[in-house]
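Student: Right, I'll just put the structure down here and ask away after.
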Amino acid sequence: MRLLEFQAKQLFGEYGIPIPRGILITSVDDASRAEAPAVLKAQVIVGGRGKAGGIRLVRTAEEVINGVQDLLQMSIKGYPISALLAEEPIQIKHEYYLSVLYDKKTNAPMIMASAAGGVDIEQVSRENPEKIIRSNIDSFIGLQKYTPRYMAAKLGIGDMDGFIDIVGKLYDILLECDATLVEINPLVETEHGLLALDAKIVLDDRAEFRHEERFARIRQEQRDLNKKPKTEAERLANERNITYVPLEGNIAMIADGAGTGMLTLDLIQDEGGGAANFCEMGGLANTQIMFDAMEVVLANPKAKVLLITLIGGLTRMDEIAEGIAQYIRVHGRMVPMVVRMCGTQEEVGRATLHDIGIEPFEDLVKTVQAAVSLARTV
Ligand code: GDP
Ligand code: MN
């Protein structure tokens, strides 16, 4: 899970990494809380905001209001801006790049730094790879001061103690928070020492069970900032954490994984039908997820038929069939349902479906054909 800049900076603050003073703004009414001059920064989950016009220096109170108004109507790379960080402007002497991450080649922690900061690091890596210095950290020995000291000397950083301190804190975050990447770009040299002007943290989703509270809080904050979903189905999908994209047709679909889902969409199209949505259960679904997915896609009033395509790999068909049966026990059969089921625990799943009057198909194309022809008649 990638954190928004303000969330990453909050974590930096907790670890004592110097950051600019700032406040979060989510509406034009909020704008009066920001003092001029300020730097307004779009809080979206993608990089390159500066280039895309998502970072703006505003000098007067009027410019603050206009800037907030403008930015809150913009999108960056398809992400609507629904929050801004308003920060004190910083006098920059030099911009560096610094990150601590897991090196894909060695699977060990690594420090990456460059005196060419403030620009896209992938670009530096392509065009001037010699400008990036890397040091692996031996997990058994841990981070020793000589590594960042050597790097600071090579980069020509004046505030050597500050640099050593910041690298140590980034490493602490990597380990203690189970991050896969902790990045500062740019790390800036100011009159008063080094400061993290930007912050990027990616947490390892597989470690969520060790940080349930933190993950839940971050996810909730990001959801709250999302522009209000339009339909009941979208709202429910958000609430239940179900992947759901509304479409124009009348065949509601649920697939157990993204690949099956895309294939199902193509087949619906080939047969001359129209999907009411795209919905996939992530390839590792259970009874509850199946139940939730059905509630989500059938909250769409345009749905006239429900098509469920399942290829049980990690997902167990007995559990999935139980989810379908539970849905029908609670809500009844709101629309005709066509199910394709195969794979793990298929026999048990089929028996469960049979008991509730659903005969699952084996052939995917025939399943889709059945759904499309049903959708024509209802
Ligand atoms: P990104 O483009 O999404 O990575 O956003 P950043 O937070 O890294 O900001 C991009 C650039 O804006 C930085 O590299 C700085 O050059 C500039 N910038 C951001 N905040 C300030 C500030 O307070 N003062 C000055 N002078 N420049 C800033
Ligand atoms: Mn940046």
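Student: For region 83-115, give me the residue count where each residue is closer than 20 Å to His192 by Cα and assigned to a loop (DSSP other than H, G, I, E, B). I'd like the intermediate steps shown before the answer.
Tutor: Residues of region 83-115 closer than 20 Å to His192 by Cα: 87-98, 115.
Narrowing further to those that are assigned to a loop (DSSP other than H, G, I, E, B): 88-93, 115.
Result for region 83-115: 7.
Student: Still on this model: Does Val182 satisfy the condition of being buried (at least 16 other Cβ atoms within 10 Å of the Cβ), away from ligand 1 (no atom under 16 Å from the Cβ), under 28 Å from Lys51 (Cβ atoms) and of a type outside the set (Phe, Trp, Tyr)?
Tutor: Judged against the criteria, Val182 is not a match.
Student: State all residues of region 327-355 that are outside any helix (DSSP H, G or I), under 24 Å from Leu314 (Cβ atoms) and of a type in the set (Val, Ile, Thr); if no residue qualifies, say none.
Tutor: In the first step, residues of region 327-355 are kept if they are outside any helix (DSSP H, G or I); the result is 332-345.
Pick out the ones that are also under 24 Å from Leu314 (Cβ atoms) and you get 337-345.
Selection gives Val338, Val339, Thr344.
Student: Here is a further query. So Leu155 fits all but one of (1) buried (at least 19 other Cβ atoms within 10 Å of the Cβ); (2) within 16 Å of ligand 2 (Cβ to nearest atom); (3) more than 21 Å from Thr106 (Cβ to Cβ); what number is the exception?
Tutor: (2)
One line per residue, one yes/no per condition, for (1) more than 20 Å from Gly22 (Cβ to Cβ); (2) more than 16 Å from ligand 2 (Cβ to nearest atom); (3) outside the structural domain of Gly193 (by TED's automatic domain parsing):
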| site | (1), (2), (3) |
| --- | --- |
| Ile55 | no, no, yes |
| Asn66 | no, yes, yes |
| Pro80 | yes, yes, yes |
| Asn107 | yes, yes, no |
| Ile111 | yes, yes, no |
| Gln123 | yes, no, no |
| Tyr146 | yes, yes, no |
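Student: Right, another one. Look at region 53-82 and say how many of its residues are touching a strand residue (DSSP E or B) at 6+ places or on another chain (Cβ under 6 Å) and either assigned to a loop (DSSP other than H, G, I, E, B) or free of Cβ contacts under 8 Å to residues at least 12 places away in the same chain (or both).
Tutor: 2
Student: Going by the conditions given, is Val44 in a strand (DSSP E or B), touching a residue at least 12 places away in the same chain (Cβ under 8 Å) and within 13 Å of ligand 1 (Cβ to nearest atom)?
Tutor: Numbers: in a strand (DSSP E or B): no; touching a residue at least 12 places away in the same chain (Cβ under 8 Å): yes; within 13 Å of ligand 1 (Cβ to nearest atom): yes.
No.
Student: Name the strands (runs of 3 or more DSSP E) wholly within region 212-280 that hold at least 3 residues that are over 22 Å from the mean Cα position of the chain (by Cα) and under 23 Å from Pro336 (Cβ atoms)? If you could, list the steps in order and put the result at the bottom.
Tutor: Details: elements: 243-246, 251-255, 277-280.
Per the criteria, 251-255.
Student: Going through region 53-78 one residue at a time, which ones are within 9 Å of ligand 1 (Cβ to nearest atom) and surrounded by fewer than 16 Cβ atoms within 10 Å (Cβ to Cβ)?
Tutor: Filtering region 53-78 for residues within 9 Å of ligand 1 (Cβ to nearest atom) gives 54-55, 57, 76.
Leu57, the sole residue that qualifies.
Student: Of the residues that make up region 191-200, is at least one in contact (Cβ under 8 Å) with a residue 24 or more places away in the chain and either among the β-branched types (Val, Ile, Thr) or away from ligand 1 (no atom under 16 Å from the Cβ) (or both)?
Tutor: no
Student: Right, something else. Suppose we keep only residues that are in contact with a Pro (Cβ under 9 Å, 6 or more places away or on another chain) and in contact (Cβ under 8 Å) with a residue 12 or more places away in the chain within region 149-164. Which one would you say is farthest from Ala113 (Cα to Cα)? Step through it out loud before you land on a result.
Tutor: Let us first name the residues in region 149-164 that are in contact with a Pro (Cβ under 9 Å, 6 or more places away or on another chain), namely 160, 162-164.
Cutting the leftovers down to in contact (Cβ under 8 Å) with a residue 12 or more places away in the chain gives us 162-164.
Numbers: Gly162: 14, Phe163: 11, Ile164: 12 Å.
So, considering only residues that are in contact with a Pro (Cβ under 9 Å, 6 or more places away or on another chain) and in contact (Cβ under 8 Å) with a residue 12 or more places away in the chain, the one farthest from Ala113 (Cα to Cα) is Gly162.
The values are calculated or read from the model by the stated rules, or taken from the named source; none is laboratory data. Since we're looking at a predicted model, the values are computed, not measured. As a convention, Cβ positions derive from the backbone with ideal geometry for all residues, glycine included, and neighbour counts pool all protein chains shown.
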